[in-house]
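The values are calculated or read from the model by the stated rules, or taken from the named source; none is laboratory data. Note that the structure is predicted; figures quoted are calculated from it, not measured. For neighbour counting, all protein chains shown are included, and Cβ atoms are generated from backbone atoms with ideal geometry for every residue, glycine included.
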Amino acid sequence: MSFRLTAEQGTIREAVREFGEAEIRPVAGEYEADERYPNGLLEAAAELDLVAPNVPEEYGGAGMDPISELLVTEELWRADPGIGGSISAARFGTEMLLEYGDDWMKEEWLPRITAGETPICMGISEPAHGSNVAGMETAAERDGDEWVVNGGKMWITNGTVADVAIVMARTGEGHGGITALLTPTDVDGYEAACIDNKLGIRAQDTAEIVLNDLRIPERNVVGEVGQGFYQLMEFFAPARADVAAQAVGVAQAALDAALDYASEREQFGQSIDEFQAIEHKLAEMATDIEASRSLAYRAGAAIESGNDHLATKLASMSKLFASERAVDVTDEAIQVHGGAGYVTDHPVERFYRDARITKIYDGTSEIQKNIIADHL
Ligand SMILES: Cc1cc2nc3c(=O)[nH]c(=O)nc-3n(C[C@H](O)[C@H](O)[C@H](O)COP(=O)(O)OP(=O)(O)OC[C@H]3O[C@@H](n4cnc5c(N)ncnc54)[C@H](O)[C@@H]3O)c2cc1C
């Protein structure tokens, strides 16, 4: 078992870091304050193959291995969870298209996504059903060779900026009664409204979607009718490992900022990083991050190996651990800054707010514990 990145993975990490430092960091505060989706930066990132890097080269992607994908997400989030997170979330749904979509779906949409022209969005959660995915009520009824969809989706990343969506809808009873449907978003019956009062990741687009007699042709079923829930479950392992990488990235950003500040700030005639209390904080933060990173990469390796049981367990463990640690680490980064950490002059208050989402989406910490327990 190797704990070393390959030379190629090291190069990928460096390239994303350079891009983040040059293009994202300098404008991160501005995009957050304006709650502005980073359209132009999505295209710039696409030129470096950083948008949907999981997609194979034939559709314009980079065809990266799972650990390289995690490196991309980690470095984008290290640069800034709002902008970097928008770039890494542009792919959310491509996994389903690649595995289950028909060729025409892949040919029509994947090259546009990898080029940074549009992100894709994935409508699973609803106002009344979040953790309980199988409880969803959005209904699709057959009418000739079309499905007519009525219902609503909640908290959908990229909901107002994506040109294409995968909508999960009920076509029958129980777990075997959910179907994935592909739809362009500029059609009658699809209305998305931006949720603009988020705690963090404010440059990311999050939407509530109302589906009112939305007509979707039969040929737009992704995979098989009634198999949507099971198809979805397959992609939760990579999605959760990805959230772990997000958490590692934002925690590392907070540690970097804390290290810089602690070496510059003086109290009682000495730099505060000479106080053992501060040194110990920094040591604990760094240890939490390394442990989170190791678990995330281990989940990536399990995903690559194709061992689904292990991948599901490690992905949930890594998401649980890294997200909880990221909230602690970003909190401690504020503490190292003292009062200066409590205002927007320094990025750590933003990192603290941004980190909080990693404990919630793609399955809350409580749900991850349920999954881990089921896999012991
Ligand atoms: C910014 C953001 C972006 C998002 N992006 C997307 C997206 O792109 N697509 C999408 O479909 N969804 C998205 N979500 C939704 C997200 O996945 C859900 O918010 C999450 O799954 C929790 O569901 P909920 O909010 O309905 O909370 P609830 O399910 O109502 O949970 C409330 C509380 O009860 C706990 N709980 C619930 N059930 C159990 C149980 N069985 N055991 C123990 N505790 C339990 C939860 O852990 C939580 O603490 C996003 C959410 C946010 C905030």
By residue number, the members of the range 116-148 that are over 22 Å from the mean Cα position of the chain (by Cα) and of a type in the set (Asp, Glu) are GLU137, GLU141, ASP143, ASP145, GLU146
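Among the candidates VAL329, VAL343, single out the residue that is of a type in the set (Val, Ile, Thr) and without any contact (Cβ under 8 Å) to a residue 24 or more places away in the chain.
Only one candidate qualifies: VAL343.
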Mind counting the residues in the range 353-365 that are within 6 Å of the ligand (Cβ to nearest atom), over 12 Å from the mean Cα position of the chain (by Cα) and without any contact (Cβ under 8 Å) to a residue 60 or more places away in the chain?
-> 0
Take LEU232 and decide whether it is outside any helix (DSSP H, G or I) and either in contact (Cβ under 8 Å) with a residue 12 or more places away in the chain or within 15 Å of the ligand (Cβ to nearest atom) (or both).
-> no
Which ranges mark the helices (runs of 4 or more DSSP H) fully within the range 49-148 that have 2 or more residues being surrounded by fewer than 20 Cβ atoms within 10 Å (Cβ to Cβ)?
-> 94-100, 103-114
Scanning for something within 16 Å of the ligand (Cβ to nearest atom), within 24 Å of ILE201 (Cα to Cα) and modelled with pLDDT of 95 or more, does the range 110-117 turn up at least one residue?
-> yes
State whether one or more residues within the range 300-307 are under 20 Å from ARG78 (Cα atoms), under 20 Å from the mean Cα position of the chain (by Cα) and either within 16 Å of the ligand (Cβ to nearest atom) or β-branched (Val, Ile, Thr) (or both).
-> no
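For residues that are touching an Asp or Glu at 6+ places or on another chain (Cβ under 9 Å) and buried (at least 17 other Cβ atoms within 10 Å of the Cβ), tally how many sit in the range 273-289.
So the answer is 5.
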Among helices (runs of 4 or more DSSP H) entirely within the range 308-374, at least 3 residues that are touching a Pro at 6+ places or on another chain (Cβ under 9 Å), modelled with pLDDT of 95 or more and closer than 22 Å to GLN204 by Cβ occur in 348-355
Quick one: what pairs do we get from the range 190-204, first residue free of Cβ contacts under 8 Å to residues at least 40 places away in the same chain, second of a type in the set (Phe, Trp, Tyr) and more than 9 Å from the ligand (Cβ to nearest atom), C-beta under 8 Å, 6+ apart or different chains?
-> none
Pull up the range 184-217, narrow it to residues that are crowded, with 17+ Cβ neighbours inside 10 Å and in contact with a helix residue (DSSP H, G or I) (Cβ under 6 Å, 6 or more places away or on another chain), then point me to the one that is farthest from LYS106 (Cα to Cα).
-> GLY200
Residue check, SER294 surrounded by 21 or more Cβ atoms within 10 Å (Cβ to Cβ), in a helix (DSSP H, G or I) and among the polar types (S, T, N, Q) | no
Report, by residue number, each residue of the range 156-181 that is crowded, with 24+ Cβ neighbours inside 10 Å and away from the ligand (no atom under 13 Å from the Cβ).
-> THR179, LEU181
Over the range 297-307, the set of residues surrounded by fewer than 13 Cβ atoms within 10 Å (Cβ to Cβ) and part of a loop (DSSP other than H, G, I, E, B) is GLY306
Scanning the range 340-353 residue by residue, the ones that are within 20 Å of THR157 (Cα to Cα) and either hydrophobic (A, V, I, L, M, F, W, C) or out of contact with any Ser or Thr (no Cβ under 8 Å at 6 or more places or on another chain) (or both) total 2
PRO184 vs. criteria within 13 Å of the ligand (Cβ to nearest atom) and either touching a residue at least 12 places away in the same chain (Cβ under 8 Å) or closer than 15 Å to GLY228 by Cβ (or both) = no
